[in-house]
Amino acid sequence: MLADAVSDAPCFSDYLQLDRLFPNAKFVYLDRPLDKWLPSMQMLLGRMLVHLDKDKGRFHPVMKRSFNHCFDIWQVEDVFDDSHLTACYLRHQQQVLDYFTGRDDFIALDISVTGSFAALLQFIGLPKPNTTDFPQLSFPQLNMGRNVASWDEYKHPNKISANASGPDKRKFFDYRL
(Lines give C-alpha, C1' and ligand atoms only; values in the text may rest on other atoms or scores of the structure.)
Protein backbone atom coordinates (compact mmCIF):
# COMPACT_ATOMS: atom_id res chain seq x y z
CA MET A 1 0.00 0.00 0.00
CA LEU A 2 1.28 3.44 -0.87
CA ALA A 3 -0.82 5.41 1.63
CA ASP A 4 -3.64 5.17 4.12
CA ALA A 5 -5.22 8.34 2.74
CA VAL A 6 -4.73 10.75 -0.12
CA SER A 7 -6.44 14.06 -0.73
CA ASP A 8 -6.53 17.22 -2.75
CA ALA A 9 -5.18 17.60 -6.29
CA PRO A 10 -5.38 15.51 -8.37
CA CYS A 11 -7.83 13.34 -6.37
CA PHE A 12 -10.77 15.67 -6.89
CA SER A 13 -10.38 15.48 -10.67
CA ASP A 14 -9.05 11.93 -11.04
CA TYR A 15 -11.38 9.89 -8.83
CA LEU A 16 -12.43 7.64 -11.74
CA GLN A 17 -8.84 6.67 -12.51
CA LEU A 18 -8.00 6.24 -8.82
CA ASP A 19 -11.05 4.03 -8.41
CA ARG A 20 -9.76 1.78 -11.19
CA LEU A 21 -6.20 1.74 -9.80
CA PHE A 22 -7.35 1.04 -6.23
CA PRO A 23 -10.54 -1.05 -6.45
CA ASN A 24 -10.71 -1.62 -2.67
CA ALA A 25 -10.35 2.05 -1.76
CA LYS A 26 -12.97 4.10 0.04
CA PHE A 27 -13.88 7.52 -1.30
CA VAL A 28 -14.91 10.50 0.80
CA TYR A 29 -16.51 13.58 -0.76
CA LEU A 30 -16.20 16.52 1.62
CA ASP A 31 -18.65 19.26 0.82
CA ARG A 32 -19.79 22.54 2.30
CA PRO A 33 -22.43 25.05 1.32
CA LEU A 34 -21.68 26.95 -1.88
CA ASP A 35 -21.81 30.32 -0.14
CA LYS A 36 -18.96 29.16 2.15
CA TRP A 37 -16.97 27.38 -0.57
CA LEU A 38 -17.04 30.19 -3.13
CA PRO A 39 -15.00 32.89 -1.28
CA SER A 40 -12.49 30.30 -0.09
CA MET A 41 -12.00 28.96 -3.61
CA GLN A 42 -11.61 32.48 -4.98
CA MET A 43 -8.93 33.17 -2.36
CA LEU A 44 -7.18 29.85 -3.04
CA LEU A 45 -7.16 30.41 -6.79
CA GLY A 46 -5.89 33.94 -6.19
CA ARG A 47 -2.88 32.51 -4.41
CA MET A 48 -2.31 29.59 -6.78
CA LEU A 49 -3.18 30.87 -10.25
CA VAL A 50 0.31 32.17 -11.07
CA HIS A 51 1.73 28.72 -10.22
CA LEU A 52 -0.93 27.00 -12.34
CA ASP A 53 0.04 28.90 -15.49
CA LYS A 54 0.24 26.38 -18.34
CA ASP A 55 3.71 27.45 -19.48
CA LYS A 56 5.40 29.30 -16.62
CA GLY A 57 3.75 27.97 -13.46
CA ARG A 58 5.94 26.10 -10.97
CA PHE A 59 3.35 23.47 -10.02
CA HIS A 60 3.63 19.93 -11.36
CA PRO A 61 1.90 19.40 -14.73
CA VAL A 62 -0.54 16.92 -13.13
CA MET A 63 -1.65 19.55 -10.62
CA LYS A 64 -2.08 22.11 -13.40
CA ARG A 65 -4.14 19.62 -15.42
CA SER A 66 -6.25 18.78 -12.38
CA PHE A 67 -7.20 22.39 -11.70
CA ASN A 68 -7.85 23.08 -15.37
CA HIS A 69 -10.03 19.97 -15.59
CA CYS A 70 -12.30 21.14 -12.76
CA PHE A 71 -12.13 24.94 -13.09
CA ASP A 72 -11.37 25.58 -16.78
CA ILE A 73 -8.63 27.98 -15.70
CA TRP A 74 -7.11 28.16 -19.20
CA GLN A 75 -10.42 28.52 -21.06
CA VAL A 76 -12.23 31.34 -19.26
CA GLU A 77 -11.51 35.03 -19.11
CA ASP A 78 -12.35 35.43 -15.39
CA VAL A 79 -11.72 32.28 -13.36
CA PHE A 80 -12.85 34.14 -10.20
CA ASP A 81 -16.33 34.94 -11.54
CA ASP A 82 -19.04 33.77 -9.12
CA SER A 83 -21.24 32.28 -11.85
CA HIS A 84 -18.30 30.43 -13.43
CA LEU A 85 -17.14 28.90 -10.13
CA THR A 86 -20.72 28.08 -9.14
CA ALA A 87 -21.16 26.16 -12.41
CA CYS A 88 -17.85 24.34 -11.78
CA TYR A 89 -18.92 23.45 -8.22
CA LEU A 90 -22.34 22.14 -9.27
CA ARG A 91 -21.00 20.23 -12.29
CA HIS A 92 -18.27 18.53 -10.25
CA GLN A 93 -20.62 17.68 -7.40
CA GLN A 94 -23.14 16.10 -9.78
CA GLN A 95 -20.44 14.13 -11.62
CA VAL A 96 -19.07 12.69 -8.37
CA LEU A 97 -22.48 11.83 -6.94
CA ASP A 98 -23.60 10.23 -10.21
CA TYR A 99 -20.41 8.15 -10.46
CA PHE A 100 -20.63 6.78 -6.92
CA THR A 101 -24.42 6.33 -6.71
CA GLY A 102 -25.41 3.21 -4.78
CA ARG A 103 -21.90 2.27 -3.67
CA ASP A 104 -20.96 1.38 -0.09
CA ASP A 105 -17.33 2.47 -0.57
CA PHE A 106 -18.34 6.14 -0.89
CA ILE A 107 -19.64 8.76 1.53
CA ALA A 108 -20.54 12.41 0.92
CA LEU A 109 -20.31 14.63 3.97
CA ASP A 110 -21.19 18.27 4.49
CA ILE A 111 -18.36 19.36 6.78
CA SER A 112 -20.51 22.17 8.22
CA VAL A 113 -22.99 19.70 9.74
CA THR A 114 -22.53 18.72 13.38
CA GLY A 115 -21.54 15.09 13.64
CA SER A 116 -20.07 14.85 10.14
CA PHE A 117 -16.62 14.09 11.52
CA ALA A 118 -18.08 11.21 13.55
CA ALA A 119 -19.69 9.87 10.37
CA LEU A 120 -16.31 9.96 8.65
CA LEU A 121 -14.64 8.08 11.49
CA GLN A 122 -17.35 5.41 11.37
CA PHE A 123 -17.06 5.10 7.57
CA ILE A 124 -13.30 4.51 7.68
CA GLY A 125 -13.54 2.21 10.70
CA LEU A 126 -11.88 4.35 13.34
CA PRO A 127 -13.17 4.72 16.90
CA LYS A 128 -14.77 7.96 17.98
CA PRO A 129 -12.44 10.17 20.02
CA ASN A 130 -13.16 11.10 23.61
CA THR A 131 -16.15 13.45 23.55
CA THR A 132 -14.59 15.53 26.32
CA ASP A 133 -11.77 16.52 23.97
CA PHE A 134 -13.96 16.74 20.87
CA PRO A 135 -17.56 17.25 22.11
CA GLN A 136 -19.41 17.83 18.82
CA LEU A 137 -17.42 15.40 16.69
CA SER A 138 -17.46 17.98 13.89
CA PHE A 139 -14.84 19.15 11.46
CA PRO A 140 -12.81 22.17 12.58
CA GLN A 141 -13.76 25.35 10.75
CA LEU A 142 -10.74 26.06 8.52
CA ASN A 143 -10.41 27.89 5.21
CA MET A 144 -13.38 30.13 5.87
CA GLY A 145 -13.80 33.14 3.59
CA ARG A 146 -10.49 34.96 3.32
CA ASN A 147 -8.77 32.81 5.94
CA VAL A 148 -7.35 30.16 3.63
CA ALA A 149 -4.62 28.23 5.37
CA SER A 150 -1.46 27.29 3.59
CA TRP A 151 -0.83 23.56 3.23
CA ASP A 152 2.68 24.26 4.54
CA GLU A 153 1.19 25.16 7.94
CA TYR A 154 0.01 21.59 8.54
CA LYS A 155 2.67 19.40 10.11
CA HIS A 156 2.57 15.62 10.37
CA PRO A 157 5.41 13.11 10.10
CA ASN A 158 3.63 11.18 7.32
CA LYS A 159 2.66 14.22 5.23
CA ILE A 160 4.30 14.39 1.83
CA SER A 161 4.90 17.78 0.25
CA ALA A 162 2.80 18.54 -2.80
CA ASN A 163 5.99 19.57 -4.57
CA ALA A 164 7.99 16.43 -3.71
CA SER A 165 8.37 13.57 -6.16
CA GLY A 166 10.38 10.40 -6.35
CA PRO A 167 10.25 6.83 -5.00
CA ASP A 168 9.60 7.81 -1.35
CA LYS A 169 7.70 10.98 -2.07
CA ARG A 170 4.60 12.03 -3.98
CA LYS A 171 3.76 9.60 -6.78
CA PHE A 172 1.95 10.58 -9.94
CA PHE A 173 0.31 7.77 -11.88
CA ASP A 174 0.41 7.59 -15.64
CA TYR A 175 -3.14 7.61 -16.99
CA ARG A 176 -5.27 9.74 -19.25
CA LEU A 177 -8.52 11.48 -18.42
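The values are calculated or read from the model by the stated rules, or taken from the named source; none is laboratory data. Bear in mind that the values here come from a model prediction, so they are computed numbers and not experimental data. We place every Cβ from the backbone using ideal geometry, glycine too, and count neighbours over all the protein chains shown.
Within segment 43-50, does at least one residue satisfy the condition of being out of contact with any Lys or Arg (no Cβ under 8 Å at 6 or more places or on another chain) and in a loop (DSSP other than H, G, I, E, B)? So far as segment 43-50 goes, no, none of its residues is out of contact with any Lys or Arg (no Cβ under 8 Å at 6 or more places or on another chain) and in a loop (DSSP other than H, G, I, E, B).
So which residues in segment 54-71 are part of a helix (DSSP H, G or I) and touching a helix residue (DSSP H, G or I) at 6+ places or on another chain (Cβ under 8 Å)? First the steps, then the outcome.
Initial filter on segment 54-71 (part of a helix (DSSP H, G or I)): 61-71.
Matches in segment 54-71: Met63, Lys64, Phe67, Asn68, Cys70, Phe71.
Kindly indicate the residue of segment 111-129 that is under 21 Å from Ala25 (Cβ atoms) and touching a residue at least 24 places away in the same chain (Cβ under 8 Å) and also surrounded by the fewest Cβ atoms within 10 Å (Cβ to Cβ) among those meeting that condition. Ranking the qualifying residues of segment 111-129, first place goes to Ile124.
Residue-by-condition table, conditions (1) more than 26 Å from Ser138 (Cβ to Cβ); (2) touching a residue at least 40 places away in the same chain (Cβ under 8 Å); (3) touching a strand residue (DSSP E or B) at 6+ places or on another chain (Cβ under 7 Å):
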position: Pro10; (1), (2), (3): yes, yes, no
position: Leu16; (1), (2), (3): yes, yes, no
position: Val28; (1), (2), (3): no, yes, yes
position: Gln42; (1), (2), (3): no, yes, no
position: His51; (1), (2), (3): yes, no, no
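Residues satisfying the criterion are present in segment 6-13 (criterion: modelled with pLDDT of 90 or more and at negative phi).
Look through Ser66, Ser112 and report the one residue that is hydroxyl-bearing (Ser, Thr, Tyr) and either in contact with a strand residue (DSSP E or B) (Cβ under 6 Å, 6 or more places away or on another chain) or closer than 18 Å to Pro10 by Cα (or both). Let's see the steps before the verdict.
Working: Ser112 fails: either in contact with a strand residue (DSSP E or B) (Cβ under 6 Å, 6 or more places away or on another chain) or closer than 18 Å to Pro10 by Cα (or both).
That would be Ser66, the only listed residue that is hydroxyl-bearing (Ser, Thr, Tyr) and either in contact with a strand residue (DSSP E or B) (Cβ under 6 Å, 6 or more places away or on another chain) or closer than 18 Å to Pro10 by Cα (or both).
When Asp104 is tested against (1) surrounded by fewer than 16 Cβ atoms within 10 Å (Cβ to Cβ); (2) over 26 Å from Pro23 (Cα atoms); (3) without any contact (Cβ under 8 Å) to a residue 40 or more places away in the chain, only condition (2) is not met.
Conditions (1) basic (Lys, Arg); (2) surrounded by fewer than 16 Cβ atoms within 10 Å (Cβ to Cβ); (3) within 16 Å of the chain's Cα centre (by Cα), marked per residue:
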site: Asp4; (1), (2), (3): no, yes, yes
site: Ser13; (1), (2), (3): no, no, yes
site: Leu21; (1), (2), (3): no, yes, no
site: Asn24; (1), (2), (3): no, yes, no
site: Leu38; (1), (2), (3): no, no, yes
site: Leu45; (1), (2), (3): no, no, yes
site: Val50; (1), (2), (3): no, yes, no
site: Asp53; (1), (2), (3): no, yes, no
site: Arg58; (1), (2), (3): yes, yes, no
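Being among the aromatic types (Phe, Trp, Tyr) and over 24 Å from Lys36 (Cα atoms) is the filter; apply it to segment 46-94 and report the residue that is modelled with the highest pLDDT. Before you say what the answer is, go through the steps one by one.
Residues of segment 46-94 that are among the aromatic types (Phe, Trp, Tyr), as a first pass: 59, 67, 71, 74, 80, 89.
Add one more test, that the residue is over 24 Å from Lys36 (Cα atoms), and what stays is 59, 74.
Details: Phe59: 87, Trp74: 95.
Among those residues, the one meeting the criterion is Trp74.
Filtering segment 5-42 to residues that are assigned to a loop (DSSP other than H, G, I, E, B) and hydroxyl-bearing (Ser, Thr, Tyr) leaves Ser7, Ser13. Where residues in segment 80-101 are part of a loop (DSSP other than H, G, I, E, B) and of a type outside the set (Val, Ile, Thr), which of them is surrounded by the most Cβ atoms within 10 Å (Cβ to Cβ)? Here the answer is Phe80.
Of these, Pro127, Pro157, which one is in a loop (DSSP other than H, G, I, E, B), modelled with pLDDT of 75 or more and over 18 Å from the mean Cα position of the chain (by Cα)?
Numbers: Pro157 fails: modelled with pLDDT of 75 or more.
Step by step, each of Pro127, Pro157 is checked, and only Pro127 is in a loop (DSSP other than H, G, I, E, B), modelled with pLDDT of 75 or more and over 18 Å from the mean Cα position of the chain (by Cα).
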